[in-house]
Amino acid sequence: MKKNLNILTIIAIVFSMSSCAMHSGLTSNMNNSSTDVVLQGNNYKVISKVKGEATGRAILGFGGSFKPLVENARSNMLESADLVGKPRAVINETVEINDKFYLFCRKKTVTVSGYIIEFTK
């Protein structure tokens, strides 16, 4: 009897420590506004890669707001890009969503990344 109880305890611990996760990348352009910029061979240079993250958590379905995560991640990215007052832009923006499910918890992380370019001409 004690052996069965030990096995059940081990199985319960293994299941409670495991998680499920989903990961997706949003590759379509979901912006409603657009700006046309001509990127020719010699009119810009790539400065660096920049990214921003935002995370939401919920326990038993309570807490955490998942709706503004993309907006918050994009805002964090743009703050670190240092664009104000400079002839720079962020190109090739990518949105990645990582959604993890634990026994009673959910953790959703959104990462927005892109490349900073600076116009030279």
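Quick notes on this structure:
- q = 0.14 Å⁻¹, region 39-87: log10 I(q)/I(0) [Debye, one scatterer per Cα]: -0.53
- Estimated inter-spin distance, Lys51 and Asn4, nm [label 7 Å along Cα→Cβ]: 5.0 nm
- Under Karplus coefficients 6.51, -1.76 and 1.60, residue-wise ³J(HN,Hα) of region 81-91 in Hz, glycine/proline x: 7, 6, 8, 5, x, 10, x, 10, 8, 9, 10
- Too-long pairs where the Cα-Cα distance tops 30 Å, listed order kept, from Lys49/Lys107; Lys86/Lys107; Lys67/Lys121; Lys49/Lys108; Lys2/Lys108; Lys2/Lys100: Lys86/Lys107; Lys67/Lys121; Lys2/Lys108; Lys2/Lys100
- In order along region 67-76, phi translates into HN-Hα couplings of 5, x, 5, 5, 4, 5, 5, 5, 4, 4 Hz, rounded to whole numbers, per the Karplus curve 6.51 cos²θ - 1.76 cosθ + 1.60 with θ = phi - 60° and x for Gly and Pro.
- Per-residue surface analysis assigns Val70 an accessible area of about 30 Å², computed on protein heavy atoms at 1.4 Å probe radius.
- Heavy-atom accessible surface of region 48-121: percent carbon and sulfur, 1.4 Å: 54 percent
The values are calculated or read from the model by the stated rules, or taken from the named source; none is laboratory data. The structure displayed is predicted, hence computed values, not measured ones. Here Cβ is always computed from backbone atoms with ideal geometry, including for glycine, and neighbour counts include all displayed protein chains. Quick note on the areas: whole protein, heavy atoms, side chains included, nothing else; ligands and nucleic acids left out. Shrake-Rupley method; radii C 1.70, N 1.55, O 1.52, S 1.80 Å.
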